[in-house]
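As structure tokens, the structure follows; a few thoughts come after it.
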Amino acid sequence: MRFRLRHCLLLFIGLPAFAQTPKTELHFTSSKQQKITVYKGTIFVNGNRAYQLAADNINYASRRNRLVEDNGNVFLFLEIKGSPKKDRLYAFGINNSKADSLLDAISSDIKDMDHDGNLEFGGSELPTAYPSNDSMYYNPSKFYEINKGRLIFDAEYTQKTDKKANGVYMSDPFDKSGNCCKVIPKPKGHL
């Protein structure tokens with residue numbers, strides 16, 4: 001009886017340590033049977049080192065890390081920690097045993113945001129406060145969509161989102177010094 005009690009006690013004490021082990025690798029398999037592993041900032045495709053990130057800032061526990069296949073192309077999305085700014089979503093094209101860096105965007109869910117049948121992702125950075133109650137810095141967004149096997153800028157959805165958030169769309173939000181972003185009047189009803 002004592003042995004069982006001691007054994008149960010050791011098992012009870014040890015379980016929380018196992019449950020709190022951080023996730024440090026990812027595994028995916030494409031419909032083309034490509035085995036993709038991400039470990040310590042390195043992307044491996046079919047066992048071959050395919051891409052090395054400059055730093056291992058991957059949020060391994062994020063549900064946004066995923067493979068998306070469209071029109072025969074395979075895309076790997078990895079969420080990268082962006083502290084103190086918003087997290088980023090890095091997109092890679094996986095072809096044979098290679099991983100090509102395609103773009104990075106503000107991290108978001110990958111879903112059909114504008115109901116056009118294509119998956120979108122992206123967003124805007126955290127807004128910077130402006131020291132006036134009637135003005136604000138323009139806060140631009142940037143959205144992309146997966147369309148016919150390519151990742152392309154979604155200008156229509158970006159404009160719609162910017163108009164809603166800023167009251168106006170600006171194709172060039174930079175000030176005279178080239179810094180982001182221009183000061184605009186706060187739209188009516190804006191907090």
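The values are calculated or read from the model by the stated rules, or taken from the named source; none is laboratory data. Given the structure is predicted, the values throughout are model-derived calculations rather than measurements. Please note: Cβ atoms are built from the backbone with ideal geometry, for glycine as well, and neighbour counts cover all protein chains shown. Just the protein is used for accessible areas: all its heavy atoms, side chains included, with ligands, DNA and RNA removed. Shrake-Rupley method; radii C 1.70, N 1.55, O 1.52, S 1.80 Å.
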Gain in span if fully extended, Glu25 to Asp175, counting 0.36 nm per residue against the direct Cα distance: 49.8 nm
Magnitude of the charge dipole, segment 51-154, Cβ model with Lys/Arg +1 and Asp/Glu -1, debye to 20: 340 debye
Virtual spin-label span in nm between Thr128 and Asp114, 7 Å along Cα→Cβ: 2.7 nm
Spatially proximal lysines relative to Lys35 (Cα-Cα < 22 Å; intrachain offsets below 8 disregarded): Lys23, Lys98
Electrostatic dipole magnitude of the chain [Cβ: Lys, Arg +1; Asp, Glu -1; Cα centre; debye, to 20]: 960 debye
Those lysines that a straight Cα-Cα span of less than 28 Å connects to Lys186, excepting residues fewer than 8 apart in one chain: Lys85, Lys86, Lys142, Lys160, Lys163, Lys164, Lys176
Spacing of the two label points (7 Å from each Cα toward its C-beta) at Val168 and Glu156, in nm: 2.5 nm
Size of charge dipole - segment 124-191 - debye, nearest 20, with Cβ of Lys, Arg +1 and Asp, Glu -1, no other charges: 120 debye
Degrees, to the nearest 10: 155-166 long Cα axis against longest axis of the chain: 80 degrees
Residue-averaged [θ]222 nm for the chain, counting only DSSP H segments that reach four residues, each worth -39500 (n - 2.57): -5000 deg cm²/dmol
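At a 1.4 Å probe, what is the % contribution of carbon and sulfur to the accessible area of the chain? Display every interim value, and only then the final one.
Values: 6580 of 12510 Å².
Solvent-exposed carbon and sulfur of the chain make up 53 percent of the total.
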FRET efficiency, 1/(1 + (r/R0)^6) with R0 45 Å, evaluated for Lys188 and Asn95 via beta carbons: 0.35
Accessible area per residue, Å², segment 108-190 with all protein chains present, probe 1.4 Å: 63 Å²
Equivalent ellipsoid dimensions for the chain as semi-axes, Å, which come from the Cα gyration tensor, largest first: 39, 25, 15
Accessible area in square angstrom per residue, segment 24-107, 1.4 angstrom probe: 53 Å²
